[in-house]
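Working notes, structure below.
Computed from the coordinates by the stated procedures, all read-outs in this text should not be read as laboratory data. All of these numbers come straight from a predicted model, not from anything done at the bench. Cβ placement follows ideal geometry from the backbone for every residue including glycine, while neighbour counts extend to all protein chains displayed.
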There are 2 protein chains.
Amino acid sequence: MTMKEYEHIIQGGTYITMDPQYRTLEDHFMLIDAGRIVDILPMTELQDFKAKAYTDAADCLITPGFINAHSHLPMSYFRGWADDLPLHIWLKDQIWPLEAKMLAGDFVFDASLHGAAEMIRHGITLTNDMYFYVDRIADACSIAGLRVIVGEGIIEPEYLGDLSVFKRRVQALKDRYQDNPLVDCCIAPHAIYTCSKEVLKACTTAAAENNWMIHTHLSENQSEVEDCLKHHGERPVDYLAGLGFLEAHCVFAHGVWLDSEEIKTLAQAKAAVALCTDSNLKLSNGFVPVKEMLEQNLNLAMGTDGVASNNNLDILEELSTTAKLHKALNHDPVLLPAREAFALLTIEGARALNRAHDLGSLEAGKWADLCLIDTNNLQSQPLYNPYSHLVYSMGSEQIRDVMIAGDWVMKNKKLQHLNEADLIEKAKQYKNTIISKMES
Amino acid sequence: MTMKEYEHIIQGGTYITMDPQYRTLEDHFMLIDAGRIVDILPMTELQDFKAKAYTDAADCLITPGFINAHSHLPMSYFRGWADDLPLHIWLKDQIWPLEAKMLAGDFVFDASLHGAAEMIRHGITLTNDMYFYVDRIADACSIAGLRVIVGEGIIEPEYLGDLSVFKRRVQALKDRYQDNPLVDCCIAPHAIYTCSKEVLKACTTAAAENNWMIHTHLSENQSEVEDCLKHHGERPVDYLAGLGFLEAHCVFAHGVWLDSEEIKTLAQAKAAVALCTDSNLKLSNGFVPVKEMLEQNLNLAMGTDGVASNNNLDILEELSTTAKLHKALNHDPVLLPAREAFALLTIEGARALNRAHDLGSLEAGKWADLCLIDTNNLQSQPLYNPYSHLVYSMGSEQIRDVMIAGDWVMKNKKLQHLNEADLIEKAKQYKNTIISKMES
């Protein structure tokens with residue numbers, strides 16, 4: 001009888017499984033086939049298995065791939081275009097005119113390819129992206145090998161009074177990606193202040209019909225809450241609940257200004273909040289009530305937001321800042337300890353995107369989405385506690401290999417499906433285009 | 001007549017001078033000789049000069065080396081030993097017992113070598129270090145090629161009643177390093193709560209006699225201020241001023257709990273505060289009143305603190321967090337804009353350590369302490385504004401070359417005076433020693 005040949009074996013290293021027991025395994029190997037984790041077994045059993053490819057993970061931490069619960073990939077070329085401005089000036093005088101002049105399918109594709117490449121370098125294996133021309137975002141991610149959930153940012157007045165356009169687009173998205181295991185779709189109304197009640201209701205219907213989750217911005221700044229109270233007589237979460245939002249699986253970006261009652265409502269509805277700490281700090285939108293959210297068992301995840309307000313896609317740095325910031329805000333050095341923090345980037349991120357059944361931890365049957373993190377460097381030594389290391393010590397540059405659905409998208413720090421020099425060259429060309437268009 | 005041969009020419013790139021006009025120069029080259037910057041001249045004049053060595057800085061930002069105004073190099077091996085604990089438990093049950101069991105000259109030397117190497121990787125060219133066995137810290141830095149100011153951490157009861165020991169040590173330090181251009185000394189009483197009035201007074205005398213600056217911890221946490229009020233009837237700055245501290249050049253680490261009057265007093269005395277943002281957040285000691293300090297023109301600099309509370313020496317990440325955090329705390333996205341933030345790491349850092357005359361900017365006559373930062377990578381593109389890039393976008397891994405006093409201490413990301421593999425191996429050995437000693 002011949003021995004079954006599996007696709008991959010990863011051997012050695014320390015497996016940070018993020019499974020329900022938070023097991024960390026040494027002297028183990030991981031068996032991967034058909035894009036999924038078959039098992040993680042003791043090295044003593046290695047001789048019983050055979051694989052087409054072997055990867056040595058000695059001195060590495062093997063972690064679940066990082067999950068980015070809120071992004072705008074096509075904003076890559078707006079990185080650092082305008083900083084240090086009040087939010088309304090930043091948006092009105094800089095970002096919106098920039099978008100008005102630049103947005104087109106090819107631009108979105110090119111910028112998304114750049115962003116997808118940068119995300120992979122930072123260990124991100126799934127991103128939940130909201131923007132326009134989302135078919136081009138999905139195409140770019142598929143080429144990069146990055147898993148993505150795309151949601152077309154729905155903003156009035158485009159859809160006002162003509163919901164058939166909206167329905168056609170949802171159907172087109174569905175048709176286009178139904179056979180692509182890397183791409184999923186969701187419904188992504190931009191925000192309560194950019195969509196009418198009618199459109200928001202149509203979103204809940206579409207979500208129900210397609211069994212898709214809803215992704216939207218929520219309570220990013222204080223005026224948004226005040227406006228909602230003024231125009232609708234209730235706070236944002238009550239307003240959305242009244243429109244049927246919470247019957248779908250919802251992931252809300254930001255959630256800075258949620259109050260206790262809203263947190264409770266969201267937790268009961270099993271909705272999730274994507275923390276975009278760097279963006280909130282840089283635009284000075286405020287501090288998310290993370291402590292209360294944790295106490296109420298609200299599902300929290302990490303999001304990078306777009307690079308225009310971040311200004312990079314280093315989600316590990318973002319997690320580190322988040323873990324430390326909320327300690328200080330709450331005068332509590334014990335809050336959000338390292339392991340709990342790392343869960344936000346992995347299993348809690350998967351839960352937030354309704355994918356905990358097949359992503360977010362290293363467990364048999366789940367997709368083989370993972371990072372190999374090299375610890376043989378100065379910044380990683382000595383290493384007493386892998387969770388502390390992941391959250392407080394390491395930098396993204398220590399991510400050596402990234403696998404998504406059993407496919408090495410980065411190997412020895414080299415992207416496998418993209419030519420980095422070409423991406424850099426293209427970004428430089430777009431810079432010149434953007435400058436000349438904005439000057440004209 | 002033969003053409004003078006200079007030591008180095010760096011050509012191409014963008015020079016972020018941080019000079020009084022904040023000039024950024026393109027199409028220039030830098031002439032370096034005897035460890036110092038001779039001039040930065042237009043490329044059109046290149047043919048008039050000759051050098052022993054040429055470095056191509058195309059696609060690089062050339063910046064002043066980063067200045068770390070508060071560190072504890074020998075704590076390198078304590079990285080991640082204990083996290084997520086209340087300050088008093090962290091110190092009393094973990095850090096102090098660890099120090100009691102481990103501290104010795106060789107340990108300090110080895111850990112400092114590790115820390116110095118990590119600092120260079122993060123672009124740090126001068127660090128202001130306080131610890132014990134400081135001669136071994138200085139030796140380690142000299143080998144690494146890192147510029148250092150060492151101050152022996154003065155703590156009771158060692159010096160109690162026998163100030164002659166203290167004076168002998170100061171003299172020994174002075175003798176040992178007087179001919180070493182990389183090493184300077186200062187007086188470093190640990191804190192007001194660990195030194196008697198008598199010892200603190202002796203410190204001011206020693207500072208005056210040697211024309212040295214004073215480096216101490218100040219108002220890191222609230223109880224320190226309360227204790228000072230209780231025991232001395234005045235706030236820490238008034239207490240120190242009464243002991244003659246402010247007649248010396250002083251750099252104070254932390255300064256979290258300084259009030260308006262204290263800030264004014266320090267600004268008038270031209271003292272400086274080293275911001276240790278990550279450490280303050282992680283130990284939840286509070287938020288420094290940075291806005292008021294800036295308004296009062298108090299000299300601010302960045303410090304990493306020790307890796308036990310940080311947990312790395314990535315001072316650029318620390319700066320990025322600092323710039324964003326204080327925007328959010330003050331509801332002001334315009335506060336501490338990128339250029340002003342980058343000054344904290346360079347020219348303001350030099351001012352803080354009383355070295356603005358020969359460090360902190362790229363100007364003729366100053367020491368050639370600088371970083372070459374590669375922008376040919378995904379995270380750096382597109383690049384519209386170099387200050388925004390330095391503070392908000394880039395990661396330390398983009399630092400390609402580091403020069404200190406005209407000496408390349410890192411070239412193409414390779415340390416020039418240290419064997420990194422040996423340092424990593426040694427750190428792993430110490431980890432085992434530390435674990436077995438702490439278990440016994």
One point scatterer per Cα, no solvent, Debye formula: log10 I(q)/I(0) for the range A:103-171 at q = 0.11, 0.15, 0.21 Å⁻¹ comes out as -0.29, -0.51, -0.84
Each residue of B:384-394 has, on average, a number of other protein chain C-beta atoms within 10 Å of its C-beta equal to 5
Rounded to a whole number, the mean other protein chain Cβ count within 10 angstrom for residues of A:77-88 is 6
With only helices counted (DSSP H, runs n ≥ 4, each -39500 (n - 2.57)), the per-residue ellipticity at 222 nm for chain A, to the nearest 500, works out to -10500 deg cm²/dmol
1/(1 + (r/R0)^6) with r = Cβ-Cβ of B:Lys174 and B:Glu247, R0 = 25 Å, i.e. FRET efficiency to nearest 0.05, evaluates to 0.80
Scattering profile of the protein assembly as shown from the Debye formula, Cα beads only, expressed as log10 I(q)/I(0) at q = 0.04, 0.05, 0.09 Å⁻¹, is -0.18, -0.28, -0.91
Between B:Asn299 and residues 5 or more places away or on another chain, the pairs with built amide H atoms under 5 Å apart involve B:Val273
With Cα coordinates, the longest principal axis of chain B makes an angle with the long axis of helix B:197-210, in degrees rounded to 10, of 30 degrees
Once amide hydrogens are built 1.01 Å from N within the peptide plane, the residues lying 5 or more places from B:Arg400 or on another chain with amide H under 5 Å from its amide H are B:Leu372, B:Ile373, B:Asp374
Nearest 10, in degrees from 0 to 90: the angle of helix A:315-329 to the longest Cα principal axis of chain A is 70 degrees
If every Lys and Arg gets +1 and every Asp and Glu gets -1 at its Cβ, then about the Cα centre the range A:67-352 yields a dipole, in debye to the nearest 20, of 380 debye
Nearest-0.05 FRET efficiency for A:Gln222 and A:Thr2 at R0 = 56 Å, using Cβ-Cβ distance, is 0.25
A correct Karplus calculation of ³J(HN,Hα) over the range A:64-69, with 6.51 cos²θ - 1.76 cosθ + 1.60, θ = phi - 60°, whole Hz and x for Gly and Pro, returns x, x, 7, 10, 9, 8
Between the alpha carbon centres of the range A:97-114 and the range B:151-217 the gap in Å comes to 60 Å
Between the modelled labels at A:Asp106 and A:Glu261 (7 Å from Cα along Cα→Cβ) the distance in nm is 5.3 nm
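Calculate the mean, over all residues of peptide A:123-131, of how many other protein chain Cβ atoms lie within 10 angstrom of the residue's Cβ. Walk me through the numbers before you get to the answer.
Working: counts 0, 0, 0, 0, 0, 0, 0, 0, 0.
Partner-chain Cβ atoms within 10 Å, mean over residues of A:123-131: 0.
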Shortest first and in nm, the label-point separations between A:Glu247 and its counterparts in the other identical copies (7 Å out along Cα→Cβ) come to 8.0
Cα-Cα pairs in the range B:122-261 separated by more than 25 Å, as a whole percent of all pairs, come to 27 percent
The alpha-carbon center of the range A:288-325 and that of the range B:1-24 are separated, in whole Å, by 41 Å
If R0 = 51 Å, then A:Asp39 and A:Lys167, at their Cβ-Cβ distance, give a FRET efficiency to the nearest 0.05 of 0.70
With one decimal in nm and the nearest listed first, the spacings from B:Lys52 to its own position in the other copies, using label points 7 Å along Cα-to-Cβ, are 5.6
One residue of chain B has its C-beta nearest the axis rotating B onto A; that residue and its distance in whole Å are B:Glu397, 2
Fraction of alpha-carbon pairs in the range A:343-440 farther than 20 Å apart, rounded to whole percent, equals 59 percent
Of the listed pairs A:Lys50/A:Lys413; A:Lys101/A:Lys431; A:Lys101/A:Lys437, those with alpha carbons more than 18 Å apart are A:Lys50/A:Lys413
Along the range B:421-432, Karplus-curve 3J(HN,Hα) (6.51, -1.76, 1.60; θ = phi - 60°) to the nearest Hz, with x for Gly and Pro, reads 4, 5, 5, 5, 4, 5, 4, 5, 5, 4, 4, 5
So, in nm and shortest first, the distances from A:Ser436 to its counterparts in the other copies, with label points 7 Å along Cα→Cβ, work out as 6.8
Counting sequence-distant residues (5 or more places) and residues on other chains, those with an amide H built under 5 Å from that of B:His28 are B:Gly12, B:Met43
Here the range A:354-365 yields Karplus 3J(HN,Hα) values (6.51, -1.76, 1.60; θ = phi - 60°; whole Hz; Gly and Pro given as x) of 6, 10, 5, 6, 9, 9, x, 8, 8, 9, 3, x
With N residues in the range B:67-352, Rg(alpha-carbon) / (2.2 N^0.38 Å) equals 0.93
Helix A:134-144 sits off the longest principal axis of the Cα atoms of chain A, rounded to the nearest 10 on a 0 to 90 degree scale, by 20 degrees
Between B:Ile89 and B:His232, the two model label points (7 Å from Cα along the beta-carbon direction) sit apart by a distance in nm of 3.1 nm
